[in-house]
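The values are calculated or read from the model by the stated rules, or taken from the named source; none is laboratory data. Worth saying up front: this structure is predicted, and the values here are computed from it rather than measured. Glycine gets a Cβ as well: all are built from the backbone with ideal geometry, and neighbour counts include every protein chain shown. Only protein heavy atoms, including side chains, enter the accessible area calculation; ligands, DNA and RNA are left aside. Shrake-Rupley method; radii C 1.70, N 1.55, O 1.52, S 1.80 Å.
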Amino acid sequence: MQRSFRIFIKNMKIKTFVLHVIFLVGLLSWVSDNENSWIQPGKGGILPAEVAFSNPNGTLGYVNVDGDINMEGHPFFEPLGTNGRACVSCHQPKDAMSVSTQSLQQRWNETQGQDPIFAAIDGSNNPKLPQQLESSHSLLLKRGLFRISLPWPVKTDNGKTIKPEFSIEVVSDPTGVNVDPELGLENGNISVFRRPRSVANMTYVMSPDPVFNIKTGTLAVTDPETGKVVGMNMMADSRHYTQKQQALDAYFGHLQGHNTLTDVQLKQILDFQNKLFMAQSHDKWGGKLVENGEPAGLGPHNMKAGKVHILANNNRDPIFHWFNNWKNKETMPQSLNAEQKDFRESVARGNDIFMFREFWIRDATHINSLGLGNPVRRSCATCHNGQMTAQDLAPGWVDLGTTTYPTWTENHLANQKSDLPIFKCTCNKNAAPHPFLGRVIYTTDPGRALISGKCIDIGSIVMQQFRGLSARAPYFVNGSAKTLHELVDYYDRRFDIKYTEQEKTDLVNFLSVL
Amino acid sequence: MNLEISIGDLQVRIFKLRLTNILVLMLFNSLFISAIFAQQKTRNPKSEIRNFLTCPIIRDSKTFPCWLVEYNGETYYLGQQGRSGSLFYPPQLKHQVLVEGRIKDGSRLCGGIVLEPVTISVMPELDLSCNTLLPAQDGLEPPPPIPYPENAPFADDTRNFTILFDFDSDFLSLHKTRIVGEVVRIAKVNGLKNIVIKTFRGTTLLSNGQKLIEKEEIAELRAGKLYDIFEGLGFAKEHIKLAIKTNPEKADGIIDVGKRRAEILIF
């Protein structure tokens, strides 16, 4: 695969020329150290205000509103904890601020498994396994999953006492971690395995809905510092309601930090997250996706300019706006070759399929159980309704079935072996049952229910933004879709959509340019 | 009047209800109930009432899917697929639905006799036998989408509010949280600091003579939820009074929907 690394520096004015030369020197040393552009913690160097990284489907572009970032001494990039990791370890610009299995495998080979990303604490299936063995890190290497250990039974959420409505038993656990007397359920912990989520475009992710949480019919959470309502779309289970809480938890957990993050460090981390915008910028032939601002749903500059928190599951101004210029070849730049033009037409069709191709959405908690009816004949955009990111604007947890039997993505013949732990959740008699799975639910990750303690939330996973998909395979919370094609196939099976092969290709092409 | 003050493990003080408050409450309740009675009794001869528990049926159509039910060999039309802002929230397959409705005028939509007004409640437990999806059939289409409710603000001098709940549910949907929002807005506008929340447990008299009573703790759940919300929205703990009526309301098959409620008074 091509591993070139491109840098775009725009608007280079003379007065900043000298500055840029200095940055370039810094950059060049960084590039030569890391020809595959993997950023190692503590390496220093500059992350330019505009920068791009290649991926199998083209190039992913970034714009940082704050200009160039000096990574030296920057808390997102420095190994501030005790295990040599930094935030950037698992949130790599080349991998859309997540990390792909391809990069992980490459790191394993290059460092003989010594890279801090494989740290026993959560970079292995079980910290008690012999860490030098590749097999002890199989979930990370094959599926890109880190171990997330959460307290169970959950006791509080956002300062409120929680009494769980269900109990959890381990049905099987190839990692052994959930049945370990110290690390496991017996000792008040549950381990689930999850993909890192992109840390960019965070102003969209964090944008709040109004006062009420439409999913629960109760008040939305507020930030204790500002008193303002927060968005609830961060993390697969929305367990952190502010970026500060999240960063501190990552510091103590992933980085195994022993002190704390200072206010200055926290501010730097948050500024970085909130000012970094990311989207695919070039197709695989090297052609710019965006010309004169169109299509308005693509590219990092449009991402930066976009309005946050716009409900867009409509035919007036759709999720990723329109692809009118791509609908026929006449309106495309003459410089494109025939293949490129075909591809763009396919993307435009893919957008329409995503927006408007209806199917029966059924048995999905927090969509079908929320007043829309079960089933409801709508499209992908019903759930993925937020403009520019395709996240849910409301708190985005939905039981799509990716982690719950009988529709889990693990493999659709449910009685086959899983390499993930399988849990049996049994709801209390007086609790409202899970709306479509009842009172006994098998799952590889109870998702939001681990935080809320509610039966109805079992298997509900917070959807993440669609940006940078080409750079961060595999997909879904448990890495069960290795490619975008597999992801589309899952939907085809799950909702019995009966897409044609052409429709599937169009959807995949569309997702690949976001 | 049965005024109980007890809400599970919520730490709430027991308040001395001043006589005036009780009087205000009683007056407002009786006005409310009699208003509903007056309205419904004249409009609803009992023969037009259809209250029953059954599996919902969804029929696809060229336009929007429509929701039907069968009862005693007849098909009834409940409503059509909408959006979260729509007033009608359709049933769910895999669940029985409690239908409390009135035959509109004998007209049919999507092949079913139109029930209007109609209230539906999705029964929480699974019933996997509820699984009928019928294909589209020419001529069986629902009417064009009904416009969203206007959601005009309540008048600033409103003091009494009623929130109706689905059977056995304490869930506050979009439409209900809007009322809550209005309570808070009007309290602020008028500088009113006190709130009384009175919650009830309903009974529905089915057309077959059977009675369905809501679960025992439902009034408490409704009170607890509203208490949390009003406290979260700025009412001081000591100014929130709860009156939870755990004895089920009497059912007459006509205004049972209106009794599954929370009544809110600000002063």
Next on the checklist: Quick check on segment A:440-493: of everything there that is farther than 15 Å from A:Thr101 by Cα, open to solvent by 10 Å² or more (accessible area, probe 1.4 Å) and without any contact (Cβ under 8 Å) to a residue 40 or more places away in the chain, which residue is nearest to the other protein chains (Cβ to nearest Cβ)?
Outcome noted: A:Val440
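Assess whether B:Arg59 counts as being modelled with pLDDT of 70 or more, in the same structural domain as B:Pro117 (by TED's automatic domain parsing), in contact with a Cys (Cβ under 7 Å, 6 or more places away or on another chain) and on the phi < 0 side of the Ramachandran plot.
Numbers: modelled with pLDDT of 70 or more: yes; in the same structural domain as B:Pro117 (by TED's automatic domain parsing): yes; in contact with a Cys (Cβ under 7 Å, 6 or more places away or on another chain): yes; on the phi < 0 side of the Ramachandran plot: yes.
Answer is yes for this residue.
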Next on the checklist: Just the residues that are more than 12 Å from chain A (Cβ to nearest Cβ), hydrophobic (A, V, I, L, M, F, W, C) and part of a strand (DSSP E or B), please, taken from segment B:159-189.
Outcome noted: B:Phe161, B:Leu164
Checklist entry - Looking only at segment B:194-235, which residues are over 25 Å from A:Asn213 (Cβ atoms) and exposed (fewer than 15 other Cβ atoms within 10 Å of the Cβ)? => result B:Asn208, B:Gly209, B:Gln210, B:Lys211, B:Glu216
Item to check | Criterion: at negative phi, touching a Leu at 6+ places or on another chain (Cβ under 8 Å) and within 14 Å of another protein chain (Cβ to nearest Cβ) - qualifying residue of A:Asn428, A:Asn385 | outcome: A:Asn385
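One line per residue, one yes/no per condition, for (1) within 14 Å of chain A (Cβ to nearest Cβ); (2) touching a residue at least 24 places away in the same chain (Cβ under 8 Å):
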position: B:Gly73; (1), (2): no, no
position: B:Gly79; (1), (2): yes, yes
position: B:Leu87; (1), (2): yes, yes
position: B:Ser107; (1), (2): no, no
position: B:Thr119; (1), (2): yes, yes
position: B:Thr132; (1), (2): yes, yes
position: B:Ile146; (1), (2): no, yes
Checklist entry - If you go through segment B:160-174 one residue at a time, do you hit one that is in contact with a strand residue (DSSP E or B) (Cβ under 7 Å, 6 or more places away or on another chain), open to solvent by 20 Å² or more (accessible area, probe 1.4 Å) and more than 16 Å from B:Arg261 (Cβ to Cβ)? => result no
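From the list B:Arg50, B:Arg83, exactly one residue is modelled with pLDDT of 55 or more, open to solvent by 20 Å² or more (accessible area, probe 1.4 Å) and part of a strand (DSSP E or B). Which is it? Walk me through how you get there before you give the answer.
Details: B:Arg83 fails: part of a strand (DSSP E or B).
Criteria check complete, one pass: B:Arg50.
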Item to check | Residues of segment A:338-366 classified as over 22 Å from the mean Cα position of the chain (by Cα) and within 14 Å of chain B (Cβ to nearest Cβ), total | outcome: 6
Checklist entry - Taking segment B:211-263 as the region of interest, how many residues are in a helix (DSSP H, G or I) and in contact with a helix residue (DSSP H, G or I) (Cβ under 7 Å, 6 or more places away or on another chain)? => result 4
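With the requirement that a residue be part of a loop (DSSP other than H, G, I, E, B) and either touching a residue at least 60 places away in the same chain (Cβ under 8 Å) or within 26 Å of A:Met71 (Cβ to Cβ) (or both), what does segment A:93-124 give you? If you could, list the steps in order and put the result at the bottom.
Narrowing segment A:93-124 to residues part of a loop (DSSP other than H, G, I, E, B): A:96-97, A:99-100, A:112-115, A:119, A:124.
Listed by number, the residues that qualify are A:Ala96, A:Met97, A:Val99, A:Ser100, A:Gln112, A:Gly113, A:Gln114, A:Asp115, A:Ala119.
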Checklist outcome for this item: Reported set for segment A:193-213 where residues are buried (at least 21 other Cβ atoms within 10 Å of the Cβ) and at the interface with chain B (Cβ under 10 Å from one of its Cβ atoms) is A:Phe212
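Restricting attention to segment A:303-352, report how many residues are part of a helix (DSSP H, G or I), touching a helix residue (DSSP H, G or I) at 6+ places or on another chain (Cβ under 7 Å) and either of a type in the set (Gly, Ala, Ser) or open to solvent by less than 20 Å² (accessible area, probe 1.4 Å) (or both).
From segment A:303-352, those part of a helix (DSSP H, G or I) are A:303-305, A:324-326, A:329-331, A:338-352; that's our starting set.
Going one step further and asking which of them are touching a helix residue (DSSP H, G or I) at 6+ places or on another chain (Cβ under 7 Å), we end up with A:325-326, A:329, A:331, A:341, A:343-351.
Still in the list and also either of a type in the set (Gly, Ala, Ser) or open to solvent by less than 20 Å² (accessible area, probe 1.4 Å) (or both): A:326, A:344, A:346-348, A:350-351.
The qualifying residues number 7.
Criterion first (among the aliphatic types (A, V, I, L, M) and within 13 Å of another protein chain (Cβ to nearest Cβ)) does A:Leu372 satisfy it? Explain how you work it out, then say what you get.
Working: among the aliphatic types (A, V, I, L, M): yes; within 13 Å of another protein chain (Cβ to nearest Cβ): yes.
Considered against the rule, which asks whether it is among the aliphatic types (A, V, I, L, M) and within 13 Å of another protein chain (Cβ to nearest Cβ), A:Leu372 comes out as yes.
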